[in-house]
1. Restricting attention to the stretch 244-292, and to residues there that are in a loop (DSSP other than H, G, I, E, B) and under 23 Å from G136 (Cα atoms), which single residue is farthest from the chain's Cα centre (by Cα)?
2. Hey, which of the helices (runs of 4 or more DSSP H) in the stretch 310-420, taking only ones fully inside, have at least 2 residues that are of a type outside the set (A, V, I, L, M) and either without any contact (Cβ under 8 Å) to a residue 60 or more places away in the chain or out of contact with any helix residue (DSSP H, G or I) (no Cβ under 6 Å at 6 or more places or on another chain) (or both)?
3. Are there any pairs with C-beta distances below 7 angstrom linking a residue in the stretch 60-71 that is aromatic (F, W, Y) to a residue that is surrounded by fewer than 18 Cβ atoms within 10 Å (Cβ to Cβ) and part of a loop (DSSP other than H, G, I, E, B), with the two at least 6 apart or on different chains, and if so which?
4. Picking from Y50, Y27, which residue would you name as being in contact with a Lys or Arg (Cβ under 6 Å, 6 or more places away or on another chain), surrounded by fewer than 17 Cβ atoms within 10 Å (Cβ to Cβ) and of a type in the set (S, T, Y)?
5. Looking at the stretch 87-181, what helices (runs of 4 or more DSSP H) fall wholly within it and have at least 1 residues that are at pLDDT below 95 and either of a type in the set (G, A, S) or open to solvent by less than 10 Å² (accessible area, probe 1.4 Å) (or both)?
6. Can you tell which of K459, K484, K494 is at pLDDT below 95 and either touching a strand residue (DSSP E or B) at 6+ places or on another chain (Cβ under 6 Å) or farther than 30 Å from I310 by Cα (or both)?
7. In the stretch 310-327, is there at least one residue being farther than 20 Å from A381 by Cα, open to solvent by less than 20 Å² (accessible area, probe 1.4 Å) and either acidic (D, E) or at pLDDT 85 or above (or both)?
Amino acid sequence: MFLTLLMTLLVITYLAVHLKLRNLYSYWCKLGVPHEKPLFFFGNMKGLGYDCHWTEINRRVYKKFKDSSPIAGLYIFLNKALIIMDLNLIKNILVKDFQYFSDRGSFHNVRDDPLTGNLLLLDGDAWRMLRQKMSGVFTSGKVKHMFSTIVDVAERLEQACEFIVNEAAGQIEVKDLCARFTTDVIGECAFGIECNSLQDPMCKFRKVSRNIFERPRYSLLIQSLIFTNPDLARRLKMKAFGKRTTAFFMGVVKETIKLRKAKSTKRNDFMDLLIDLIEKREKLVKQGQRIEEDDMSSGLTFEQACAQAIVFFLAGFDTSSATMSFCLYELALNPDIQRKLREEILAVLEKYNSQITYESLKEMTYMEQVFNETLRKYPVAPLLPRVCVKDYRLPNSDLILEKGLRVIIPIDAIQNDPEYFKEPEKFNPDRFSSAAMPQKHPAFSFLPFGEGPRNCIGKSFGKLQAQIGLIMMLRKFHFSTTSKTKIPLHYSKKSFLLTAESGICLQIEKLY
């Protein structure tokens, strides 16, 4: 009797799950939206994190449907999503109709993991309030104010290259070198402290940042499930940051605030802004005002300030260092481009007494072309996620995108589309030259920093530190491939961001 009842329950459960999945995976078919046939439980994500990278899924779907439809349905495991391939529709989503797609739908769990309550991950009113307050840090004036600090750190990068040539036979994993540079830059610009990772690769700051990206808390498969099911992940009390990481960054912020208050130090930087927002909230609380925990219009709690500090550090350090390393890789593969860039650097610097200045950087037009071509071929974040916050009718269509639907803009696939960029596999900075402007790529085909109200807030800062670092290395050193250099490059399948699977090993030689 018991066995019969158990078997009956199992059959009923199986049928219920089967019917639910059949209904889920028939969603795009019922709406007449082209899509790949999904596999139960995996959707269209089979092999993600093991056999393939997100970019491969993006490109596969993009190539299959781009010429026949502006959109394609996608099943990310047990969730529905829509890939947007039409540039005009992308413009609507990112700019014209932004009010329908203002959220990224990223995972954040402020209750259990306070560092996730940051500008990058939050949505809704919390994001709007933070964006307004943080924008002041990244004005052209504030970024220009950081220029001399970045140059000082870049001089230490030059010394590190000299050490590599003399002591390590000139061979180096350039992503690690560039990451140590950006770690030191952001340590000084955001926290006002010297990390010294260029001198000491095993310094605490560098070790913590390396662990976050190279030893993530979860596998890419679990990260993808969290990415597509943030509400469920919150109910399960999942976290993005470990206890040691949280304790380290909170300790750094606490000690920095303590030292600045004790010495009455004002640097007019990111940390000063956070201190002002903390003090504003504390003042209102002392005056007896009742402030809701998530009300950021009245200043920030200490935990909220720490969350903004960590996103400044992580967003700036990894994306910039990855772009620098991909750039050096392509310059090593293309010595003629490297030579042309170096000639421009030296010619411009000669006019400024060999000093890197804000004005001299503006004159390096070929550097801008090389940098943009690197961003085109290697967009570190390969896609832009958005969530439909209210029902939206697609222009010139009867299709309604339901509230809560996830929308994906496949940056990597678009920027490597031969319709927009001829011979996309070729590294060709001339495609961004002024002479090529009449045939320039169409609007919204080049989106390395996103576009619209939710574009990358640190775009100017990120470009500045990366370009200064590259100038400092290229003016005195030549980069070439070695027997250890992987050609072609393969992306690590364990990371959502673009990162080389086995690193990027190059040879550094001093020129003079």
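1. First pass over the stretch 244-292, keeping only residues in a loop (DSSP other than H, G, I, E, B): 264-269, 287-292.
Now drop any that are not under 23 Å from G136 (Cα atoms), which leaves 264-269.
On the way: S264: 35, T265: 32, K266: 30, R267: 27, N268: 26, D269: 22 Å.
For the stretch 244-292, the residue satisfying everything is S264.
2. Working: elements: 335-351, 358-363, 365-377, 411-415.
In the stretch 310-420, the matching helices (runs of 4 or more DSSP H) lie at 335-351, 358-363, 365-377.
3. That search, which allows pairs on different chains as well, returns F65/P34.
4. Residue meeting the stated conditions: Y27.
5. Numbers: elements: 87-91, 124-134, 140-145, 147-167.
Helices (runs of 4 or more DSSP H) meeting the threshold: 124-134, 140-145, 147-167.
6. Working: K459 fails: either touching a strand residue (DSSP E or B) at 6+ places or on another chain (Cβ under 6 Å) or farther than 30 Å from I310 by Cα (or both); K494 fails: either touching a strand residue (DSSP E or B) at 6+ places or on another chain (Cβ under 6 Å) or farther than 30 Å from I310 by Cα (or both).
Among K459, K484, K494, only K484 is at pLDDT below 95 and either touching a strand residue (DSSP E or B) at 6+ places or on another chain (Cβ under 6 Å) or farther than 30 Å from I310 by Cα (or both).
7. Filtering the stretch 310-327 for residues farther than 20 Å from A381 by Cα gives none.
Scanning the stretch 310-327, I find no residue that is farther than 20 Å from A381 by Cα, open to solvent by less than 20 Å² (accessible area, probe 1.4 Å) and either acidic (D, E) or at pLDDT 85 or above (or both), so the answer is no.
Matching residues to (1) crowded, with 17+ Cβ neighbours inside 10 Å; (2) among the charged types (D, E, K, R); (3) under 29 Å from V137 (Cα atoms); (4) out of contact with any Cys (no Cβ under 6 Å at 6 or more places or on another chain):
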{"site": "F371", "(1), (2), (3), (4)": "yes, no, yes, yes"}
{"site": "L401", "(1), (2), (3), (4)": "yes, no, no, no"}
{"site": "P418", "(1), (2), (3), (4)": "no, no, no, yes"}
{"site": "F427", "(1), (2), (3), (4)": "yes, no, no, yes"}
{"site": "F444", "(1), (2), (3), (4)": "yes, no, yes, yes"}
{"site": "K459", "(1), (2), (3), (4)": "no, yes, yes, yes"}
{"site": "K463", "(1), (2), (3), (4)": "yes, yes, yes, yes"}
{"site": "Q467", "(1), (2), (3), (4)": "yes, no, yes, yes"}
{"site": "I471", "(1), (2), (3), (4)": "yes, no, yes, yes"}
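The values are calculated or read from the model by the stated rules, or taken from the named source; none is laboratory data. Treat the numbers as computed from the prediction; the structure is a model and nothing was measured. Note that we place each Cβ from the backbone using ideal geometry, even for glycine, and neighbour counts take in every protein chain shown. In case anyone asks, the SASA skips ligands and DNA or RNA and just uses the protein heavy atoms, side chains included. Shrake-Rupley method; radii C 1.70, N 1.55, O 1.52, S 1.80 Å.
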